[in-house]
Amino acid sequence: MGMLKPSCIQIAIALLFLAQTKISIEASVILKKDMTKSCISSERSALLALRAGLLDPINRLSSWEGDNCCQWQGVQCSNSTGHVIKLDLRAPGCLDNGVSSQALGGNVISLVTGLRHLQFLDLSCNMFDMVPIPEFLGSLHDLRYLDLSHSNFVGRIPPQLGNLSNLHYLNLDSYTGGQVVNIYSMDITWLSRLRSLEYLNMRSVNLSTTANWVSVVNMLPSLQFLSLSYCQLGTSPDSLLHLNLTSLETLDISYNSFYKPIEPNWFWDLTSLKELYIQSNQFYGPVPQGIGNMTSMVNLSLAMNNLVGMIPSSMKNLCNLEELCLMINNINGSITEFIHRLPSCSSHKLKSLLLFDTNLTGSLPTGLPQHLSNLVALDLRWNNLTGTVPLWIGKLTKLQFLKLSFNKLDGVIHEGHLSGLPNLEFLLLAHNSLSIILNSTWVPPFKLDTIELGSCHLGPTFPMWLKWQTSASLIDISNTSISDAVPDWFWVTASSVSILDMRNNQISGFLPSKMEFPIAYAIDLSSNQLSGTIPKLPVYLTRLDLSRNNLSGPLPLDFGAPGLEILLLYKNSISGTIPSSLCKLRQLQLLDLSDNKLTGSVPDCVEDKSTIYMASWSIQSLNLKNNSFSGEFPLFLRNCQQLVFLDLSQNLFSGILPAWIGEDLPSLAFLRLRYNMFYGCIPVELTNLVKLQYLDLAYNNLTGGIPKSLVRCIGMILTQDKAGEFENIIHSAYTVDSDDMIEYTETSTVVMKGQERLYTGEIIYVVNLDLSCNDLSGEIPPEIGTLVALKNLNLSWNGFSGKIPPSIGALVQVESLDLSHNELSGEIPTSLSALTSLSHLNLSYNNLSGTIPSGSQLQVLDDQASIYIGNPGLCGPPISKKCPETGLIPAAPGDNKNGSDSVSLFVATSCGYVMGLWTVFCVFLFKAKWRIASFTFYDGLFDWVYVHVAVGWASLTRKTGSS
């Protein structure tokens, strides 16, 4: 019997069953899939409430929409329970200092409701300004990972965090944007309850009042990572009775203030440590021998302490050592001996050797130390190393950082030193006596990021090998004896730089028509022979120095760098006027256009013609000297309240000095206006500048007198030992830190000691008042004697009259005093002899009279006769005119008011002398022996009488004349 065939109905039913089954299975799968994606409604509501309370300027949480919150960015749910177990809101692009352009803000208080099953919470690198760490975090009992680092939380750490018994990772690092401390914990005993904790980072949390911090962390047996740097810790016990930190591998307690010997200390017993960072803790003494017991050590930093002496020989035991940092200590020994004491058992593990500023001496070994063959970083800067750079440096094929700057190395660097370094990124050889001689056809195997070769010898031709360094962010070839034209390819190569320094060479050529340095912020091409005009500047440029070149033509109509802070163009041949685009440089702090050929008036920078006020400027130092500027005192300065140094000398400025100088420039300390055409009186308001220590108004047409209110100028009263803080303010105003490859020190000339003297840098110590060569008149106010810090006082070539005030003898610091070419009268005050610092004095061409005062200081002055020339009434040394002598017996006060008694006495005495002499003459006529003896006696007597008669006659004449 054959097999039965299924009917059509049976087939249809079977197919329908299969279809239903498939639909059921698919529906089941879809349902199950949807259940894993959806989230619990209460937790979804909590997340939406959280989003509502946050500030999200770039809409990072745009995905937080819809029902499936488990798919939202940063949210993760449990596959088994559906609860939200992970919330990661860390800001992308977070750096170590916590700066991120995608930071969230606002508050996180809504986390308290609905998200109690969180196991992972990361809020790091956000900007929760002025928001305390929420106490409710202590109720998240399932939390295992908590990261609140770099988030600008403030205030006290809630001790409720001690309730998180399951916590394995806790990061409260509060170092954010350069801010060292913004949260604190008065008591950290709550930490001792976190027995499961493996990672603890509380960098920059203020623990200054927590004396028992070591005892607390010693109760965390699972701890593997501990960072308490920048915590203002002040204690570090010598030892612990029971050491429980047997799992600890990383310890960072750097940047605290322990002020104690480096040994004994409790951490030397942690022999399981792999990383130890104890830099900048004010530890002192030698590196302990016991360091050799820490055989697990991989990274060791003892930097920036007060350690002395050679490292111990026990360092050879650290066979796992990869990084050793001892910078800024005083090893004070041979580099060869130091290398010999490094571990050689490490199978070439040592990768980083950082010995910056450790007072190492001697020469590098001539042969390659095998235990250094895998070095990645070698930093020997700021030592006293001598000799040549050995060729084995070129065999360190993994080397990325080679830093030998600021030593006394000499000899030649050639291809043999560099051809074998394909991974080199940082080449720092500056400030040695090295000659870098490389073939012009040599192609380097590396792409450098940083090139510092300042003060090495590279010239005379431009180094061709730089053509291949198209990725360099810093190029320093300053003072390298290059006397060649800058090639066109260099501007293309340097287009990647942030810092470019080529100062102090003889580089010629033109600046590119477009300075295409898209990320450059500091460029120094000063002291070269560049010519041509100045192009539009790179947009991000903040510091530019083109001084001491041969640049000409006008300034750019559009500077193109709105954030420019320093612009130095002095000692060129730039002509034309200052464009109005200068007014857009609101961040400018230092501007020096001196010694050029600029003309016209300075822009007023007034934005609204209906008012004299304009937008605020940041400028602190402005130097326009030795140009041909004209017009009145620049109006834009009225809103430069941070201005400290102002030099408008040697121009054609005119008009009166506005009173607002003393009202709107409260920080002004240096004001030089000499060689202009200002007229009118010195405004009294000028004396409101209490910080003023340098005032030079010489060679103008000023009239009137000296304001007596000069006593308000405390800058001319404070002596240098009491004005340290003031000096720092002045110095910072116009001295640029060399870290950014631009150095600038204000240079000024002072007419002092009879000649023009150049002051560079030390001008901050000069306290000067120079009003010479004007039409000032009246008396010199006695108040000038209160300016006791003055070192130079010059009032010459004016019309001052009256007497020299005796108070001028109180200027104990004055080194140069010039009152010449005035109409001063009377006697020279004897108080001048008390000026022990005086080395130059000029009182010539006045109407002074009387005896010149004597004194040890006045007698040692050079060219003394010229000091008093032009004063016919003066007498006595050092000039040749003698003073008339006075009587031996002065008359009693009130007697002989008319001089008649003195005359009668003189006449009677004279007659008696005549009669007596006549009698003796008659006797001598007949007695020869008596005659001879008497003549001999009376010859001597006559001489004596003659002197007394002359003195008496002079006294009589003077008294008669006064009557």
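Say each of Gln587 and Asn847 gets a label point 7 Å from the Cα, pointing the same way as Cα to Cβ; how far apart are those two points in nm?
Output for this residue pair reads 6.1 nm.
Looking at the calculated P(r) for the stretch 33-182, what percent of the C-alpha pair distances fall above 20 Å?
The share of Cα pairs beyond 20 Å in the stretch 33-182 comes to 46 percent.
Please go through the residue pairs Lys260/Lys403; Lys398/Lys467; Lys467/Lys597; Lys316/Lys351; Lys571/Lys791; Lys625/Lys691 and name each one whose alpha carbons sit more than 26 Å apart in this structure.
Pairs exceeding the cut-off: Lys260/Lys403; Lys467/Lys597; Lys571/Lys791.
So what are the ³J(HN,Hα) numbers for the stretch 367-381, from phi and the Karplus equation (6.51, -1.76, 1.60; θ = phi - 60°), rounded to whole Hz, Gly and Pro as x?
x, 6, x, 4, 6, 9, 5, 9, 4, 9, 9, 10, 10, 10, 5
Calculated FRET efficiency, Ser575 and Tyr679, Cβ-Cβ r, R0 25 Å, to nearest 0.05?
0.35
So between Ser101 and Ser856, what do we pick up on full extension, going 0.36 nm a residue minus the alpha carbon distance?
In short, 264.8 nm is gained.
Net charge near Gly778: determine it from the other residues with C-beta under 15 Å of the C-beta of Gly778, scoring Lys and Arg +1 and Asp and Glu -1.
Value of the local net charge: -2.
Taking 0.36 nm per intervening residue step and subtracting the Cα-Cα distance, what contour gain separates Met130 from Ser880 on full extension?
261.9 nm
No lab work stands behind these numbers, since they all come straight from the coordinates. The model shown is predicted, which means the values in this text are computed figures rather than measured ones. Please note: Cβ atoms are built from the backbone with ideal geometry, for glycine as well, and neighbour counts cover all protein chains shown.
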